[in-house]
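The block underneath contains the structure these notes are about, expressed in structure tokens.
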Amino acid sequence: MDDATATPVRLTGPAALRWGFRFARDPLMATRRCFETFGPLVMLAEALPFIRPGRVAIFDVPLVLTAGAAFQRELLADPETWRGVSLLPGGPRNSAARRMSLGLTRMTGQRHAHYRKLLAPPLRKASVEALGQSMAKIAEAEVGSWRPGEGGDLWDYSRRLMRRFAVELLLGGPSEQANAIADKVSRLMEHKWGWGAFVPINLPFTRYGRIVRDAEQLERQLLQWVRSKRGQADGRDLAALIVNSPDVDGSLPVDMAIVGQLPSLLAASSEASQSALTFTLLMLMQHPHVARHLLDELRDKLGGASPSLDAAGALPYLDAVVKESMRILPPVPLQIRVAQSDATLAGQGVPRGSRVILNGFLTARMPEMYPDGDVFRPERWFTITPSTFEWPVFSGGPHSCPGYWFGLSAVKIAVAAILTRYRMVLASDARVDYQVQPTMRPLQRVPIALRRQDGAFAATPIRGRIRNLVRFPQ
Ligand code: HEM
């Protein structure tokens with residue numbers, strides 16, 4: 001469907017409430033059904049018309065659901081009108097939780113341009129290529145410490161490797177302190193889309209109350225970390241760059257301004273890559289013919305050597321596998337934008353404060369570009385070259401992901417290092433449900449076993465809501 005000419009649909013009252021609840025329960029399936037029923041532009045408004053505007057945030061803010069490359073382009077190109085939201089849940093005025101939600105994703109204008117420029121050098125392609133040897137060594141050390149015969153949680157294996165890449169290569173080297181902080185940030189993020197985060201009751205037993213207290217503890221740890229980096233200029237350490245470089249007005253940033261930025265940077269640097277690695281490995285486990293083909297490519301081209309970035313970067317099937325996995329299960333499946341003023345979208349008036357959901361998950365399965373979009377088929381990448389808005393995995397426009405090269409390389413090195421050593425097998429009782437917080441994660445442990453790589457790939461029948469998103473061969 002050509003979304004630029006979409007007829008907008010406006011749902012109010014009980015219909016808006018019903019779709020709003022569906023969205024809160026399962027945002028991917030809800031937006032998919034909504035798209036199939038009403039088309040690519042749906043506005044949910046006045047769900048509870050008797051509630052005065054401004055009283056209960058969750059019910060009186062219009063929610064606009066969009067899907068398709070034209071919306072991605074229109075909204076992402078204009079961040080002054082359509083501002084991004086924090087990766088963290090936020091909190092009451094003057095709280096640590098509120099202070100922590102002021103990272104790059106919410107900045108606009110000169111300040112945003114200033115920090116993008118500051119963080120660009122260590123993340124550009126040439127800098128990431130220069131990290132190739134170190135990335136390969138970390139992968140060797142981490143994956144080499146796993147043992148055939150052992151079992152564990154797939155998400156946990158991915159976390160260990162991706163966290164090491166981020167902390168050791170982008171945040172100043174191995175550090176227990178940075179790991180502990182990253183764990184806390186990750187836990188705070190889990191609250192972002194839970195119901196409790198929207199109900200602002202700050203009591204010891206409420207979700208909102210827990211967010212407030214966890215954020216206070218995290219802020220104390222962050223302040224210690226920031227102090228340890230003061231005066232330690234290191235152009236390859238993103239946190240040290242923020243701590244020791246002037247803010248946009250030329251003065252050194254105060255501790256609290258830094259604390260506002262670091263959590264989202266920590267989250268951005270490893271959460272999405274962790275999601276990408278987890279679901280790529282899951283797709284390989286469930287698609288034996290793809291895993292076999294990829295292993296052949298790795299053995300042919302690497303000849304038993306450990307996978308360096310140079311070598312892994314030049315493997316066409318590995319590239320296709322990773323891109324296809326991020327297409328079918330995008331690490332950031334939905335992006336949120338908030339209208340900063342009354343605006344229009346495809347000719348439809350959208351009031352100030354409206355939240356627009358940009359659906360990358362659906363955009364990356366539009367049938368014109370991706371026939372059989374629910375099928376995991378890496379070969380499709382040999383004949384398509386979608387734009388950043390048609391494959392919005394790293395987003396587009398001024399807020400597009402600056403970690404593209406690092407993230408993509410990290411996932412490729414990790415997949416190559418794991419597959420050349422181990423065959424991962426999904427446990428027969430595994431159930432895979434998912435959650436979007438705001439990165440895509442498994443809802444529960446994904447139990448797997450590690451076998452020495454013998455090429456004997458075979459899929460275990462998979463259960464769970466993941467089956468609503470992917471058409472598995474078995
Ligand atoms: C596979 C890995 C990755 C994926 C799929 C990914 C995806 C994304 C997406 C979709 C956005 C836009 C979010 C939005 O506007 O709502 C984003 C933003 C961002 N990403 Fe990544 N990312 C990855 C890895 C990384 C890495 C390794 C870093 C390293 C620092 C990073 C840093 C950032 C930052 C700082 C932003 C905010 C940019 C801004 O607002 O100007 N990402 N990422």
- Message: I'd like the per residue volume of the convex hull spanned by the Cα atoms of the stretch 244-350, given in cubic angstrom.
- Response: 205 Å³
- Note on the structure: If each part is reduced to its alpha-carbon centroid, the stretch 74-124 and the stretch 278-318 end up apart, in Å, by 35 Å
- Task: Give me the net charge of Gly173's neighbourhood, meaning all other residues with Cβ under 11 Å from the Cβ of Gly173; Lys, Arg count +1, Asp, Glu -1.
- Result: -1
- Quick one: putting +1 on the C-beta of Lys and Arg, -1 on the C-beta of Asp and Glu, what dipole do you get for the stretch 120-210 around its Cα centre, in Debye to the nearest 20? 340 debye
- Query: Percentage of Cα-Cα pair distances in the stretch 73-215 greater than 17 Å, rounded to whole percent?
  - Reply: 72 percent
- Message: At 1.4 Å probe size, with the rest of the protein present, what percent of the exposed accessible area of the stretch 3-468 is carbon and sulfur atoms?
- Response: 53 percent
- Note on the structure: Contact order relative to length for the stretch 3-468, counting C-alpha pairs under 8 Å separated by 6 or more residues, stands in percent at 22 percent
- Note on the structure: DSSP beta bridges in the chain: the antiparallel percent, rounded to 5, is 70 percent
- Message: Using a Cα-Cα cut-off of under 18 Å, which lysines could be cross-linked to Lys137, ignoring same-chain neighbours fewer than 8 residues away?
- Response: Lys412
- Task: Between beta-carbons, use under 13 Å as the cut-off and find the net charge around Ala456, counting Lys and Arg +1, Asp and Glu -1.
- Result: +3
- Query: How large is the charge dipole for the chain, taken about the Cα centre, if only the Cβ atoms of Lys, Arg (+1) and Asp, Glu (-1) carry charge, to the nearest 20 debye?
  - Reply: 980 debye
- Message: Please compute, over every Cα-Cα pair in the stretch 162-228, the percentage with a separation greater than 14 angstrom.
- Response: 62 percent
- Item | Measure of compaction for the stretch 358-463 (Cα Rg per 2.2 N^0.38 Å) | 1.27
- Under the rule of -39500 (n - 2.57) per DSSP H run of 4 or more residues, summed and divided by the residues of the chain, what mean residue ellipticity at 222 nm is obtained, to the nearest 500 deg cm²/dmol? -15000 deg cm²/dmol
- Task: Calculate, for the chain, the solvent-accessible area per residue in square angstrom, rolling a 1.4 angstrom probe over the heavy atoms of the protein chains.
- Result: 41 Å²
- So how strong a dipole does the stretch 77-182 carry about its Cα centre when Lys and Arg Cβ are +1 and Asp and Glu Cβ are -1, to the nearest 20 debye? 580 debye
- Cα-based Debye curve of the stretch 3-468 sampled at q = 0.09 Å⁻¹ gives log₁₀ I(q)/I(0) of -0.60
- Message: Sequence gap at least 6, Cα distance under 8 Å: using those rules, report the relative contact order of the stretch 203-342 to the nearest whole percent.
- Response: 16 percent
- Query: Which helices, taking whole DSSP H runs in the chain, have alpha carbons extending 15 angstrom or more along the helix axis plus mean Kyte-Doolittle at least -1.0?
  - Reply: 13-25, 27-38, 109-123, 132-144, 154-170, 176-190, 255-286, 288-302, 316-328, 404-421
- Task: Could you please report the charge total around Ala96, scoring K, R as +1 and D, E as -1 over all other residues with beta-carbon less than 15 angstrom from its beta-carbon?
- Result: +4
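The values are calculated or read from the model by the stated rules, or taken from the named source; none is laboratory data. Treat the numbers as computed from the prediction; the structure is a model and nothing was measured. FYI the Cβ positions are ideal-geometry reconstructions off the backbone, even for glycines, and counts take in every protein chain you see. With ligands, DNA and RNA removed, areas are computed over all heavy atoms of the protein, side chains included. Shrake-Rupley method; radii C 1.70, N 1.55, O 1.52, S 1.80 Å.
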